Structure formats: C-alpha cells, structure tokens
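**Q** Sending over a structure as structure tokens; questions will come in a sec.
The values are calculated or read from the model by the stated rules, or taken from the named source; none is laboratory data. Note that the structure is a prediction, hence the values are computed from the model and not measured. Here Cβ is always computed from backbone atoms with ideal geometry, including for glycine, and neighbour counts include all displayed protein chains. Each accessible area value is taken on the protein alone, full model and side chains, heavy atoms only, with ligands, DNA and RNA left out. Shrake-Rupley method; radii C 1.70, N 1.55, O 1.52, S 1.80 Å.
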Amino acid sequence: ANPEASHPVSLSTLPPEGDEPQNPDLTLPVDLIRRRRRGRWTSRSSSSPEAPPRSSRPSSPRSTAERDTPPLTPTTLINPPFCFSQDVPKALLPVANRPAISYVLDLLESSDLKDIIVVVEGQEAARLVGAWISSAYLDRLVVEVVAVTEDIGTAGALRAISKRLVANDVLVISGDLVTDVLPGAVAATHRRNGAAVTALLCSVPVSGPSDAASSGGKDKAKKPCRLNIVGLDITRQFLLHVVSGTDVEKDVRVYKRKIRAVGQMEIRSDLMDAHLYAFNRTTLQDVLEQKEAYRSIRLEVLPYLVKSQLRSAPSGGEGTIVDETGNVVVPPSSNLQCLSQHRAIAPSAFKQDLLASSGGGTHRCCVYIASKNKYCHRLNSIQAYCDINRDVIGEASHLSGYSFSSHNNIIHPSCVLGSKSTVGPQCMLAEGSQLGDKCGVKRSVIGRHCRIGSNVKIVNSVVMNHVVIEDGCHIQGSVVCNNVQLQERAVLKDCQVGAGYTVTTGSDHKSESLARK
Amino acid sequence: MQFDDVHRVEKAKKRAIVNQSEARNRVELFRHLPQYVHGTQLPDLESKFFQLEPIHPSVYKVGLQYLSGEVSGGNGRCIAMLLAFREAIKDYSTPPNKTLSRDLTAKVSSYVSFFIECRPLSISMGNAIRFLKNRIAKLPITLSESEAKASLQSDIDRFINEKIVVADQVIVSHAITKVRDDDVLLTYGSSSVVEMILEHAHELGRKFRVIVVDSRPKLEGQGLLRRLVAKGINCTYTHINAVSYIMHEVTRVFLGASSILSNGTVYSRVGTASVAMVAHAFGIPVLVCCEAYKFHERVQLDSICANELGDPDVISKIPGRADLGDLKNWADNENLQLLNLTYDATPSDYVSMIITDYGMLPPTSVPVIVREYRKEQLWV
C-alpha cells in the first residue's frame, strides 16, 4: 500500500526566511531595507507552507516606515518585508533563539506529517535554510528544499512545485507562522465539508504596548488601518467574502446576489488570515494554470476562489456518468463525487447546504476559526517580530519548548551575570552571554555569546548573537542583529540595528533603522 | 451495549477513539442509552486528524460528518457509510500471514465501532453492515486479493443501487397511484422518499397541496419546505402542536420511516407517532414509505428500550430568541433533567399501508418480507 494513500493530504510549508549564520565570517554587506521574500518552503507530502507575502501597500503605516529608510538603500521598496540582514533568510530569524521556521516544522512533526516540501525564494537563502534543516531535523523529518526565483509570489512558488503535488489535498503554511493551532483541525474541517479551500482565521493580535511608535513616528494622523474584512455565513463555517487590508478604502462592496443566496452574512474585521490553507489539489492546480498572472495566494487566489463560489461554471473535475438503469457509475476518483451525486438522489439526507441550493455552487470555501485560547501570530513586521519574541517567552511559553526557571525566565547555565544585575521575568539569555554589573534586563531576548557591559539597561528588546554592548547603554524596544557593537552610553529607542553595525559612543537614536553602508 | 452497566462502560471507554464525557443530569428511565456531552466531541476528534492511523481517512471523514450532523437520515447515512467502506476496501491490503476475509472483517468491525462512537448506528446501517460482512465471509478462497476487493466493491455498488436507488424509484411509482388531484397531503419532518414522491407527482402534473409538519429542536421540515417550494409545489407549514387543528383538511398522510419492525411498528423520527395517531383519530389513511432493506426482525413495543438520546442543550436554547433564557443553567438544578429523544415507535394500528419496493403491504406482512426476502438479499 502506498504510505501516502493513508494520508492523502499533502502539505507544504513555506518557511519565512531568516536565520542566523552558522559562521559569522560569512556576513555579507548589510542592507536593512531590502526586499526579503525569501524562504518559501513548501512541504510536499505534508504541508506546503507559503512564503508570507509582504503585502504592505503604500497606504499602510508599516510600509511607510519602511519607506522612510535612509537613502543608502539601493532599492526603496513599495512592499518591503522587514529584514535585518541580507545574509539571514527570514525563515531562520531567531525567535526566542530558535529559528522561526522551527516552530512550523515542530508543529508539523507533532502532527505526524513527516514529508515536507519547503520552497525558498532565492538560491542562497535556500542553501542556508536547507543546511540548517538537514542538521536540525536529520532523522525526524523528510524535508525537500526547493529554490525558486525571487519575487515570484506565493502563488508562483506553488506553481513551480505543482507538478510534485500528488495527494488529494494540499496544506500550505507560511513559514513565518507561530501558532499552536493543530493543522489536523484545519484539515479535518476541510475534509468534512469537502471544501475547495479552507483558511485558518485568527484574531487580530493586539500590538505590544510600549513600542507602538516603531513604525508611526512620522505619521501622526494615520492609524494602523490594516483591516481585514471577512464575510462569514451564519454558522461561521463558510467564507463568503474576503478583502485584505490593503484593498480596503472606505467602503466594502459585497454582491447582492451573494447575500440573497445565503440569507445572512456576518462581516467581521477582527479576524485575520493566518496564512494556513488547506487546498483541494485539483482546484488549486486548475486555478494556478488558468490564472498565470496570480502571484499571491492570500491576495489573489483566495479572493478568486471565494468570489467564484456562486458561479455556475464548474471548476473542472471529472463528470459522472449515469447509465440507463439509473446507476451512477462511480468514477475511480474520490468518493466525494459519488456522494454529491447521491445528494441529488436523497437531498433531504444532507443538511441544508445554502450555497449548493442557491444554484450553481460548485465549490465551497470554508474557514476554521482558531479558538481564543490558541496562539496564532505571523512574523510579518518588525512590530510582530518583537511581539512574538515577547509572547513566546511570556504567554505562549509552551511553544518555545524551554523550561522556565523559578523567576519565570530562561537563563542558560553558561551565562555569567555580574553583581547586582537583574534579569526580570519573561527574559531569555542564551549560552555564553555575559552581563556586567548593575545591568537590568526586562522582557528581552538575548542571543548567544553576547558581551554586555555594566550599567546597561535592556528593556523589551531582541538582541541577537555575538553582540558587544559596552557600558552604560540603554536599549529599549529595539532589535539588534548579529555582530553589532554598541559603544559606550549609546541610547537606542525603538530602533533596528542591522548586522555588523557599530553604534558610536554616546549616540542617541530614536525610531531609526541603522545599517552598515 | 447497555450503558447502565458501569464496568462495561469503563471497558468501552478505554478502547474508544473519541473522547467523550458522560452528561450530567440524565433521566433515570433512559440510563441504558449513551448520553455524552456534545460540545467537545467534534473539536477533539478534528484535532486528531493526522494521528488516527488505523482509521481510514474516508471513514474518519464520514464519522466527522455524523458528529457534526451534516449527514442525517437513514438513506444518507447508510450511503455515506457504504461509500466510505468502499474506499477503505479499495486501499486495503492483506497483511502477511492473515486471511483476507478474517482481517477485513476485523477492520470493518473497528470502523463500525468508530462510527458508533460518533453516532449510534441506525437500523438501516446495521442491515448494510450485516450484508457486507456476509459478503466478505462468503468470498471464495480461490480469489486473489485484487479480485476479492473488486468483487466486494461491486457488491457495495450493487447494494446501493438495488436496495436504495432503484427501490426508491419503485416506491415512487407505487405511491404515485395514491396521489390524486385535489389531494391535501400531510407529511412530517423530512423524509427523502416522501420528498421524491411529491416531486414526481408534481412533475406528472397532479394538482395537490402539501402540509409540512415540523417540530423542534431539529426543524428538519424547513429544509423540505424550501426544496418543495423551489419546485413550485403549494405548501403549508406548521408545527406539531397544531397538527390536530389542520388535520381536518388533510386527505392523506405520507410518512417516512427509519425502520419497520416485525410486529408492524414503525420506528421513525420522534413525533411521527403523534401525527399518525391524530390522523387515525380523524379517519385519514396513513401511508408509510420505507425501503425493504430497512426492515428488521426485532420487535419493539415502546420507545424506551431502544432509542437515541440527542443533545439536551438544544431544547433549552431557542435560536434567535436570546431573551428566552430561563433554562440557561438547567444543568445546575439537580431536580431538572432534559430529555431529547430522537426516535419513536408508532403502533401498527395507526398505519394503513406500507409502501415498499416489494409492493404495497399491510403492516402485518412485514415479517413475511423479512423471512422470505431477507435470505435472498443475503445470498444474492
């Protein structure tokens, strides 16, 4: 028996890029604002994650901040994903000192999905990611890393590997998703409803308290209006309408025909797309073939499938033959088809399917709404990066897999703390770090082999590996990348410091992105 | 299994796949029937989707559909189950040192116990399972594995076709003779066969109107009403509390059945017995339409000894009326127990005629069908 037949769900996970370089000597020139759409990983038989599309449009304040980068960046991107160092693909960015992709892979491993295709954008990133995965998950998972050209979009990445998908359903996970929602629950909902696509929706996360201004320093008038409008039916099972935040102007337009067909529609703006989809493979392949121009799953493929739910044109698939005796010849494909034929014979046997009865529904789009007690967050902005780091050590500590000390923080045994240094709760210090005297660390993550001097205050920040912080520095709400040197009495507030940078003595930076030229 | 035997229940729980917890405040008279807390079963089973190795995915999917109530009705559930078995047989391969018939029978039994955990079996499903196990046991030893599998799959297809699809068509052709112009037909709940009869009669151009009687909590009649109105049939809709008020208009009553037992008792959705009794009191003929594969040789005198208990919370909540929340915390009150029965037994005195694919019979002929034609069904 084909082992894949017992699990006819193929998943592909796309890890986001990111990673710390194994070898610090390999640092390439840093560029803070560079398009970073790397790391689309698709897992083949288990899940295909998708690279999260960097979807910020000019109107969004997040990208506005990105665009206000100093002119040293070679390209000013309209859709810049955040990135800290060019050499580190986003998938391998450390979240609580574990690469971001590891959360997705662990989630899949715990669900017994062992065959994964990971699609990464960019050859270099693919190589790094592949190297890390094969070392970390040597015998536990079978991962195939596929490199695609950059800027091909999530749909493009799926198109590139669509020949390799063989199972009946495909699970697509973005590699930057940190969650403990079981993919099995989404897959079960998908199968139960016989849907063409099932999307995971989670509540929009509330952003962190103190560093709200990391993006909006210059925009006072604009609020973070990245709204996501979703229209659900009464039972909250089917997705009727989806508009992503960037397309929302002032009005939301909904077709009357849709509301007439289903009777009642609930429109919610507090749910966002978590970028975990379960697709029916044939539908997905048809859509990708027919619509060559589609590049993003979240922005193009999903709205297309949702809009075409009520159209009468069949979306492909085999027809069934009914011969003279009225017998329905069951096609060799899934029994779902046959079941739908018997739906015609015994329609009262099946629960009222509003979409089908409206005449012309050929496929359905379902949703799975993550319950409130599950953690679900995407790494798609600097704000989100800080938030996730904080949450993984804090509330969602079961995700990190570490065990906490009595003070509710994680300190590696090889760390050296000076006298009168305090490490508050919800902090993390990785191995080899040294703190000087009278330091205060609150709600921060510090990477490996950092040398921190005395009288240093680090609050709400993420400090990566091999960082040297001299005496008297104050770091608040910032992200400091690898191999950075902060000289004495530097003050950073809501900044992002690229890898290899040196912050000069006594400098004071607020809401800036610093990068090496 | 009788669920008031504590040891047996414990043993069954250890083997169970679905995590179920017993409900509180159970009615004493029905303690022999299983009653579980309904809210947590579905999410729990969904989260185990990738970890249930021994259960075939189609079987798992159909189990989920039973749990969530998406597939309901005797015919629908039976067809869904048989198709799931068909897929499972297609993907089956005999392990070494085992015979196909014994191992496959054991596998089918494990799937059946999974279905029972999701929702107790209906009688139609029980008969279909007996048929399938009989076919597996009767496989000649000389057949190779692929031939045996193909033969079983064609048997399943034939069963669905002959016993359900064609049987429904035969029933419709018999029942059409009983629908005349200017008839007022009453039906209760939502039966697939009755719906087919009404639609066919409308296509043939008969002039009649339909009264659909419905009841809480399932409100299945609403679906039937929508479909009939969409076809253009003149319909009236009412709830079961008003059935005696409209019965004087009715000329004939058509009812569906989940099963018909050997003493002529019709085992059907709860409320059918009341409708049949009121019709009988008014002197209106009651016609029960049921396929022959649903007949059973058991005898049942009341609705208590074999039944299915539904979720009591749907009784306390009325959708759309959040202000009627008097029963919100009913479980905290020790003296209050809510009972939600799914089936009831209609005595044979109230039934005028049973329309099956073997013809139109009086209720006393049911044991004859079971005796004469059941053997043929098993061995053909």
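**Q** On average, how many beta carbons from a partner chain sit within 10 Å of the beta carbon of a residue in A:190-196?
**A** Partner-chain Cβ atoms within 10 Å, mean over residues of A:190-196: 5.
**Q** In Å², nearest 100, what accessible area do chains A and B bury in total when the solvent probe is 1.4 Å?
**A** So the buried area, both faces added, is about 3400 Å².
**Q** I would also like to ask the following. Take each of the peptides B:2-9, A:302-309, average the number of other beta-carbon atoms within 10 Å over its residues, and list them starting from the highest.
**A** So the peptides B:2-9, A:302-309, ranked by packing, come out A:302-309, B:2-9.
**Q** Right, another one. Using modelled backbone amide H atoms (1.01 Å from N, in-plane), which distant-in-sequence or interchain residues come within less than 5 Å of A:ASP233's amide H?
**A** A:PHE238, A:LEU240, A:GLU266
**Q** Moving to a separate point now. How shielded is B:72-78 by partner chains, expressed as the average number of their Cβ atoms within 10 Å of its Cβ atoms?
**A** Numbers: counts 4, 6, 2, 5, 10, 1, 2.
Averaged over the peptide's residues, the number is 4.
**Q** With θ set to phi - 60° and the Karplus curve 6.51 cos²θ - 1.76 cosθ + 1.60, what are the ³J(HN,Hα) couplings of the range B:358-372 in order, to the nearest whole Hz, using x for Gly and Pro?
**A** After applying 6.51 cos²θ - 1.76 cosθ + 1.60, I find 9, x, 9, 10, x, x, 6, 8, 4, x, 5, 4, 4, 6, 7 Hz.
**Q** Also, quick follow-up: Provide the per residue accessible area, probe 1.4 Å, for the range A:409-514, rounded to a whole number of square angstrom. Before the final figure, lay out each step's value.
**A** Numbers: 3980 Å² over 106 residues.
Per-residue accessible area for the range A:409-514 comes out at 38 Å².
**Q** Output wanted: per-residue J couplings in Hz (rounded whole) for the range A:152-163, from phi through Karplus 6.51 cos²θ - 1.76 cosθ + 1.60, θ = phi - 60°, x for Gly and Pro.
**A** 8, x, 5, 5, x, 4, 5, 4, 5, 9, 5, 6
**Q** Here's something else I'd like to know. Kindly provide the pair-distance distribution of the range B:187-300 built from C-alpha pairs, with 10 Å bins from 0 and whole-percent values in order of increasing distance.
**A** 14, 46, 34, 7, 0
**Q** Going by amide H atoms built from the backbone, whose H comes under 5 Å of the H on B:GLU308, apart from near neighbours?
**A** When sequence neighbours closer than 5 places are left aside, the close amide H contacts are B:THR342, B:TYR343.
**Q** At 7 Å along the Cα-to-beta-carbon direction for both B:HIS32 and B:PHE282, put a label point, then send me their distance in nm to one decimal.
**A** About 3.6 nm, to one decimal.
**Q** How far apart, in nm, are the 7 Å Cα→Cβ label points at A:LYS510 and A:ASP112?
**A** Going by the 7 Å Cα→Cβ label model, 5.7 nm.
**Q** Can you give the Rg to Rh ratio for the range B:283-380, taking only C-alpha atoms and Rh from Kirkwood? Write down the numbers at each step before the final one.
**A** Details: Rg = 19.9 Å, Rh = 17.1 Å.
Reported Rg/Rh (Cα atoms, Kirkwood Rh): 1.16.
**Q** Where in the range A:230-298 are there chymotrypsin sites (Phe, Trp or Tyr not before Pro) that are in a DSSP coil and have at most 13 other Cβ atoms within 10 angstrom of their Cβ?
**A** A:TYR255
**Q** Checking a compactness column here: for chain B, what do you get for Rg(Cα) / (2.2 N^0.38 Å), N being the number of residues?
**A** 1.04
**Q** Report Rg/Rh for the range B:138-258, rounded to two decimals, where Rg is the Cα radius of gyration and Rh the Kirkwood radius.
**A** Here Rg/Rh amounts to 1.18.
**Q** Can you give the Rg to Rh ratio of the range A:409-514, both from alpha-carbon atoms, with Rh computed by the Kirkwood formula?
**A** Numbers: Rg = 11.9 Å, Rh = 12.9 Å.
Rg/Rh: 0.92.
**Q** Between B:THR105 and B:SER144, how high is the FRET efficiency from 1/(1 + (r/R0)^6) when r is the Cβ-Cβ distance and R₀ = 25 Å? Nearest 0.05.
**A** That pair, B:THR105 with B:SER144, gives E of 0.85.
**Q** Calculate one ³J(HN,Hα) per residue across the range B:187-198 by plugging θ = phi - 60° into the Karplus curve 6.51 cos²θ - 1.76 cosθ + 1.60, and present them in order as whole Hz with x for glycine and proline.
**A** Coupling constants for the range B:187-198: 9, 10, x, 9, 10, 5, 5, 5, 4, 5, 4, 5 Hz.
**Q** Also: Could you work out which residue, out of B:ALA230, B:ALA276, B:ALA128, moves most in a Gaussian network model of chain B, that is, has the largest mean-square fluctuation with Cα springs under 10 Å?
**A** B:ALA230
**Q** Let me ask another. Under 13 Å from the Cβ of B:GLY325, count the other residues' Cβ atoms, weight Lys and Arg +1, Asp and Glu -1, and hand me the total.
**A** 0
**Q** Given Cα pairs under 8 Å that are at least 6 residues apart, what percent is the relative contact order of the range A:409-514? Present the calculation step by step, with values, prior to reporting the outcome.
**A** Working: 364 pairs, mean separation 17.0, N = 106.
Normalised by residue count, the contact order of the range A:409-514 is 16 percent.
**Q** Give me a single rounded figure for B:80-93: the average over its residues of other chain Cβ atoms within 10 Å of their Cβ.
**A** Mean partner shielding for this stretch: 3.
**Q** Taking every pair of alpha-carbon atoms in the range B:6-168, what share in percent sits in each 10 Å bin, from 0 to the bin with the longest distance?
**A** Histogramming the range B:6-168 at 10 Å steps yields 9, 36, 34, 17, 4, 0 percent.
**Q** With respect to the cross-link table entries A:LYS114/B:LYS11; A:LYS90/A:LYS307; A:LYS90/A:LYS374; A:LYS457/A:LYS510; B:LYS14/B:LYS218, which display a Cα-Cα separation exceeding 27 Å?
**A** A:LYS114/B:LYS11; A:LYS90/A:LYS307; B:LYS14/B:LYS218
**Q** How high is the relative contact order of the range B:6-168, in percent, with contacts defined as C-alpha pairs under 8 Å that are six or more residues apart?
**A** 24 percent
**Q** Now for a different question. Please list, ordered by chain and number, the residues whose modelled amide H lies under 5 Å from the amide H of A:GLU144; skip anything fewer than 5 residues away on the same chain.
**A** When sequence neighbours closer than 5 places are left aside, the close amide H contacts are A:ARG44, A:ILE116, A:ILE117, A:VAL118.
**Q** Could I ask something else about it? Can you list, bin by bin at 10 Å, the percent of alpha carbon pairs in the range A:112-159, starting at 0?
**A** 27, 49, 23, 1
**Q** What is the Cα convex hull volume of the range B:181-244 when expressed per residue in Å³?
**A** 67 Å³
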